[in-house]
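Take a look at the structure below.
Each reported figure results from applying straightforward, stated rules to the coordinates on display, with no laboratory input. Every value quoted in this text rests on a predicted model; they were computed, and no experiment measured them. Cβ placement follows ideal geometry from the backbone for every residue including glycine, while neighbour counts extend to all protein chains displayed.
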Amino acid sequence: MGELASLFAPERVAVVGASDDEGSVGRAVTENLLADFDGEVVAVNPTRDEVLGLSCYDDVTEPADVDLAVVVVPASIALEVIEQAGEAGVDDVVVITAGFGESGSEGAAREERLRELAAEYDLNLVGPNSLGVMNTTVGLNATFGPENAQAGSLSFMSQSGAFITAVVDWANDRNLGFKDIVSVGNKAVLDESDFVAEWGDDPDTDVILGYLEDVVDGRVFLETAREVTAETPMVVVKSGRTEAGASAAASHTGAIAGSERAYEAALEQAGVLRVDTVQELFDSASILAGQPVPESDGVAIVTNAGGPGVMTTDAVGDAGLSLASFTDETLDRFAESLPAEANRYNPVDIIGDAPVERFTEALDGVLADPGVGASVVVACPTATLSFEALAETVVDLQAEYGKPVAVALMGGSSTRAASERLSEAGIPTYFDPARAVRSLDALREYREIRERETVGPRSFDVDREQAREILQRATDRGSNKLGVEAMDLLDAYGIPTPAGEIVSGRREAVAAAERVGGGDDVVMKVVSPDILHKSDIGGVAVGVAPEEVADTYEDLVTRARNYQPDATLVGVQVQELRDTDSGVETIVGVNRDPGFGPLVLFGLGGIFVEILEDATVRIAPVSQPQADAMIDEIDAAPLLRGARGRDPVDEAAVTEVIERLSQLVMDFPAIVELDVNPLVATPEGATAVDLRLTINQEKL
Ligand code: ADP
Ligand code: MG
């Protein structure tokens, strides 16, 4: 077990601020500790002689050998108490007291001091502003919640104390049990990553659950969780809290890749299953704790009811699962053993008059089939079927074959006993067959996570020095926003760009067009750090014939002046024309999340990106398989793969641009955000025709 073992399983606990005042937190904590705890409880309160039959110590240094101090004193004296605990050699402290970082500047200062004390005395400190911690192995309930949790193999952390009390109450009704529960409070010292690491090392924790609103150190969390989830599944409800940073963005990537997307990406990359509701949290948790992961995605449905069988089939289609097809052997067996009216193909419908023996035969047959990874049993109440007998046979067969099974018992109180029997055996039951399928899908998802290969990012041979000089030059000019004038930054990182020149006069424009276009049409663009989106002001002319170049030059300059008379005009870019008809405009961008650091975005590009928002995000560095997966994930993926008779684009070229930009943003912390939009992807390759970036000069 990990470093926090004694926090969850102390031998001697002191309640500092113990009280017997009706309705006080001090009383609730003391009562909860006295209820089931295997160890010893001591009370500390200088104003009393006795609390709930315990004689009181004046301070926490008096009782010897305290492992865990639970602090419930007022905020004004909390620091003093914690210092005393440190002096007394206490290792673990749970600070229930509120009035710290969550409440104004005085509280924030107090929290800072708390952090210093914890560092000084090397304290494992939970909170402040925590509901407390529980551990069912030793019966520890060091919380002021109304109910103790039942024993089980789920360990749960929550950023909301109230959510813990709600969940425990709810879970107790459903025979769901926990190993450890922690209310992380303000996370001044111990945060989510510490608990993930602890439970990853804990043989008694089968599934890690979390309710998170934010993450203290995104990078540490990502690394820790990635390692842990290779062995222990983790399911998280992440509530969206802030979109801070997104609104101030100057790039499309910044606007789209807000903190919500960063979280999504981080949880995905960390191998954490993310769910939206409490029900999904516990559906996933129960099946992950109770059932093995399936070896294949093929699901067999066994039912005594046609309609629900169809509903189940639909749910399989909606999930990442597939309907298993049976071997001839299985079909021959069913032809012999099932009535002629039954459907021996999947979904196996053993019809309404099925007694339990027919369920046994059908479930045995499908679980024996090598093409079946998992099974859903869907049963409606009938006069010929005993749910209890069905439960027994499902428990036996699941154990015999070791394949995961989920059960939909589509009835009311008549299902209760059967449902209890099944859940004791780790087999989840539901009314709704779709829920049964979704929970099997969580097993599949987790299998994919476990089987993931962790491939490091590729390292390309780039001209880093050249890139640094380009950024430095811009900084020297005092500009932190750059556009197409910095296209050579992309060249330095091996990202293909069309030929282009920036000019500042009619005749220069004509000469440049000749060099760049060689007599063919060109593209001309206004170049100004003050004009964010050039086409919005008519600042991009696509397909300019040689004889139109001079007039177009004038026209573009006039438009820029009309738009903003005092705009800094760098010039006009004359650029080689790319064939966008045979290609797809995509966007590749980078951004920095305050918590997770550099991230990379890929999506459908062009001038409507922010309207369509068809994009996906990864925390950098991005490996080749991750970059491939990004292309898969966008809704427009079929467009890239040759929809409507078009040739598919060169996906490998797109992947490589994603990876090279990832390398760029990892190499240069000074790049705050950057858009390549569009990256024109064609069957022949991928070319960046537009660039925009913001740099933080101090980081260069
Ligand atoms: P902005 O994004 O500032 O409006 P862009 O340089 O991205 O300016 O140009 C806008 C649109 O013009 C692009 O989305 C693309 O459709 C088209 N375009 C720009 N450059 C080229 C080019 N070199 N070849 C073909 N089309 C281009
Ligand atoms: Mg653009």
For Glu40, other-chain or 5+-apart residues with amide H closer than 5 Å (H placed, Pro excluded) are Arg12, Val13
Quick note, the chain: a/c under 1.5 would make it rounded; otherwise a/b > b/c is prolate and the rest oblate (a ≥ b ≥ c, C-alpha gyration tensor); here it is oblate
In terms of the charge dipole of the chain, which places +1 on Lys and Arg and -1 on Asp and Glu at the beta carbon, the residue among Ala643, Ile671, Ser153 farthest towards the positive end is Ala643
Helix-only [θ] at 222 nm, the chain, -39500 (n - 2.57) per DSSP H run of 4+, per residue, nearest 500, equals -12000 deg cm²/dmol
The FRET efficiency for Glu633 and Thr580, from their Cβ-Cβ distance with R0 = 25 Å and rounded to 0.05, is 0.65
Everything considered on the Cα gyration tensor (a ≥ b ≥ c; rounded for a/c under 1.5, else prolate if a/b is larger than b/c, else oblate), the range 499-577 must be described as prolate
From the cross-link list Lys481/Lys525; Lys187/Lys699; Lys187/Lys238, the entries with a Cα-Cα span beyond 21 Å are Lys187/Lys699
Short to long, in 10 Å steps from zero, the percent of alpha-carbon pairs of the range 84-130 per bin is 28, 55, 16, 0
Here, chymotrypsin sites (Phe, Trp or Tyr not before Pro) of the range 318-384 satisfying both criteria (DSSP loop; at most 15 other Cβ within 10 Å) are Tyr345
So the compactness index of the range 5-239, its C-alpha Rg divided by 2.2 N^0.38 Å, takes the value 0.95
The simple spin-label model distance between Val220 and Ala417, using points 7 Å out along Cα→Cβ, in nm, is 5.3 nm
By Cβ neighbour count within 10 Å, fewest first, Leu700, Leu222 rank Leu700, Leu222
Computed over the chain: longest principal axis from alpha-carbon atoms vs helix 306-318 long axis, angle to nearest 10 degrees, is 50 degrees
Length gained if Arg561 through Asn343 is fully extended, taking 0.36 nm per residue and subtracting the Cα-Cα distance, is 71.0 nm
The chain: antiparallel bridges as % of DSSP beta bridges, rounded to 5, reads 50 percent
Residue by residue through the range 118-126, the couplings from Karplus 6.51 cos²θ - 1.76 cosθ + 1.60 with θ = phi - 60°, in Hz, x for Gly and Pro, are 4, 5, 4, 9, 6, 8, 7, 10, 9
Expressed in angstrom, Rg and Dmax over the Cα atoms of the range 34-96 are 11.4, 32
Debye calc, one equal point scatterer per Cα of the range 467-514, no solvent, log10 I(q)/I(0) at q = 0.15 1/Å comes to -0.50
Once Lys and Arg are counted +1 and Asp and Glu -1 for all other residues with Cβ under 9 Å from that of Met157, the total becomes -2
Filtered hits (aspartates and glutamates, Cα-Cα < 14 Å from Lys534, offset >= 8 within chain) -> Glu485, Asp555, Asp675, Asp690
Subtracting the Cα-Cα distance of Asp21 and Arg115 from 0.36 nm times their residue separation yields 30.8 nm
Footprinting proxy, Glu213, Glu392, Glu341, Glu453: sorted fewest to most Cβ within 10 Å, the residues are Glu453, Glu341, Glu213, Glu392
The residues Ser413, Ser535, sorted from fewest to most surrounding Cβ atoms within 10 Å, come out as Ser413, Ser535
Everything considered on the Cα gyration tensor (a ≥ b ≥ c; rounded for a/c under 1.5, else prolate if a/b is larger than b/c, else oblate), the range 560-643 must be described as oblate
Given all pairs of distinct Cα atoms, the range 586-700 yields a Kirkwood Rh in Å of 14.2 Å
